[in-house]
Amino acid sequence: MPAMLWLLAAVFMLGAAVGLAQGSEHRHNYYDFFVKETSYSRLCKNKTLLTVNGQFPGPTITARRGEWVFVNVHNQGDKNITIHWHGVDQPRNPWYDGPEFITQCPIQPGTNFTYEILLSEEEGTIWWHAHSGLDRAGIHGAFIVHPKDGTDYPFVNYTKLHKEIPIILGEWWSTDLNLQLEEYLKTGGEIHNSNAHTINGQPGDLYPCGREDTFNVGVQRGKMYLLRIINAGLDGDMFFGVAGHNLTVVGTDGRYLKPFTVETIMISPGQTMDALLEAKRSPSTGRYYMASKTYLSNSRLAYQNGTATAILEYKDAPLAARRATPVLPNLPNNTDDAIAIGYTAQLRSLASKEHPVKVPTEVDEHMLITLAINTLPCTTGNGTCDGPGGTRLAASLNNASFEDPHVDILDAYYYSIQGVYEPDFPNIPPFLFNFTNTNGSRRYWPTKRSTKVKVLEYGAVVEIVFQDTDILGAENHPMHLHGYAFYVVGRGLGVFNKTTDPATYNLVDPSYQNTVTVPKAGWVAMRFKATNPGVWFMHCHFDRHTVFGMSTSFIVKQGDTPESKMRPRPTNMPKC
């Protein structure tokens, strides 16, 4: 009899557990990521680089809005690693955001760590990548968030969408990037450009030895396709287009947009764009190039001037058409500022009943943040470095050049550890001048290393105006904020005027992004409400600029209710 009672109790408990799982608000998705060295051949040469599961780009994560995703990262490489879930707000969950020495100590070789990724309002294309050193050159992949069950895309009925295709724009270095990073840390010189652009890991047949493995997309005439485009490159704004086809842009950074149609998109590192492609081939053509090339905002810089290609092939075209040489798209010149600025100006939120806009109108914290390339004194033994005038290259926000502490800032804040960070990041730059003057004085070149962060009260509404400067050259800067999406309420060229420029703000349907392109010699204004407690990194998504110090963090204090406090610190966090 006791055995029967035990069996009945076990069956009851199992049924209850199954019921809980089936009725749970969240479906759980599990992935194993094995980080390891993998051998690849590109540009007629072999090399090894760190990848996930031996794939370049790495595996695609898929989930639905509001679900939880768990990724167990096994570090089988020979260096420390972290991974960031780019575009995920991680509400109350900064522990799993990923940037090394900001929210966690890195995962050491021979160990593993499971990330818990909490999706909330994200819907569309986001992505994941390494957030340690320059490792994201090989460690990155798509993260696709579909609508909840029973709901549909606002731009096309799901049944009319034939296929979704991730298009990851990247770069290839023939040398070891870690060696370049080590050289910069020694001499303070520039980090060299890549040897090729890539589309889904392949340079394409305009580069040496690229023909055989060029990425090929098969389509059928009359079908609709959704291209999920990601700029995973370290240092290049990119023009992208498909020969013979227009692209209807419907989303960016995991949020929807008012659709608009273009021949060419401009996408900065860190950004994603969702674009519809209707397969309409000409009768005589069956193959078309997809292509990407650098948009160079600073013509004084060296750049990778090649064109990466993939092939769009109509499987239902006649055999002769499928054997023809593909047609190239008419991409803009590398320095075409008008196309780049005009494209970005078209990004507008849906502002619909299902996807409302909630722009904060009363601002508590006004911040003007200058973006600059700077110099530091040379610290080598012989007193000679490779930066301008024998200095070290650096970068800054409000002339504070961030350097990683040796304990992560989140732990230091959580446990009140003193001396790890400085809580006095300024709301305005330390000196005011004509920021976009191309003949600026050398007196503005120097900066200082710091660990300055900005502390925000829970619920504060923040407006940040990012102002580019011409200190050592004006250029675009893709600024990315972790833990938040923000409304891009204004932009312009020249120096921001706090008296007149706010009158031009768009508070009706501004785009809602996590990575915004600040135009060269110009400014962007964005707003967000600080209701996600924790420590959140903000940085330029040109990786060399992050390495140089163009970053800071926001510490958002906790509120008074359980729903406004951070989740407890996990017990299995990696140790420094």
Item to check | Partnerless Cys - the chain, beta-carbon criterion under 4.7 Å | outcome: CYS540
Checklist entry - Which loop-located trypsin sites (Lys or Arg not before Pro) does the range 527-576 contain, where loop means any DSSP state but H, G, I, E or B and the Cβ has at most 10 other Cβ atoms within 10 Å? => result LYS575
Checklist entry - Which FRET efficiency, nearest 0.05, do ASN572 and ALA324 yield, Cβ-Cβ r, R0 56 Å? => result 0.50
Checklist entry - Based on DSSP H assignment, which helices of the chain show an axial Cα extent of at least 24 Å together with a mean Kyte-Doolittle hydropathy greater than or equal to -1.0? => result 2-23
Checklist outcome for this item: At R0 = 45 Å the Cβ-Cβ FRET efficiency linking GLN220 and LEU507, nearest 0.05, sits at 0.55
Checklist entry - If you find the alpha carbon centre of the range 236-255 and of the range 54-87, how far apart are they in angstrom? => result 24 Å
Checklist outcome for this item: Cα pairs beyond 14 Å in the range 211-275, in percent, come to 63 percent
Checklist outcome for this item: At R0 = 22 Å the Cβ-Cβ FRET efficiency linking PHE433 and GLU365, nearest 0.05, sits at 0.40
Next on the checklist: Could you compute the longest span of the chain free of GluC sites (Glu not before Pro) located in DSSP loops and having at most 10 other Cβ atoms within 10 Å, not counting the site residues?
Outcome noted: 363-576
Checklist outcome for this item: Non-local residues with an amide H under 5 Å from the amide H of VAL455, with H modelled 1.01 Å from N and Pro and chain starts lacking one, are PHE425, ILE555
Checklist entry - What label, among (1) 40, 29, 24; (2) 34, 33, 26; (3) 50, 26, 23, belongs to semi-axes √(5λ) of the Cα gyration tensor in Å computed from the structure on display? => result (2)
Checklist entry - Between ARG64 and residues 5 or more places away or on another chain, which pairs have amide H atoms under 5 Å apart, with H built 1.01 Å from N, and which residues are they? => result HIS146
Item to check | Rounded, prolate or oblate (a/c below 1.5 giving rounded, otherwise prolate when a/b exceeds b/c) for the range 369-437 by Cα gyration tensor | outcome: oblate
Next on the checklist: Can you give me the distance in nm between label points at ASN178 and GLU563, each placed 7 Å from the Cα along the Cα-to-Cβ direction?
Outcome noted: 4.6 nm
Checklist outcome for this item: Hits in the range 171-201: amide N under 15 Å from the 7 Å Cα→Cβ extension of ASN305, namely 193-197
Checklist entry - Cα centroid distance between the range 484-506 and the range 542-573, in Å? => result 26 Å
Item to check | Gain on full stretching of the segment that runs from LYS280 to LYS79 - 0.36 nm per residue minus C-alpha separation | outcome: 67.6 nm
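Readers should treat all values here as calculations from the given coordinates under stated rules, not as data from a laboratory. These numbers were taken from a predicted model, which means no experiment stands behind them. A quick note on method: Cβ atoms are made from the backbone with ideal geometry, for glycine too, and the neighbour counts reach across all protein chains shown.
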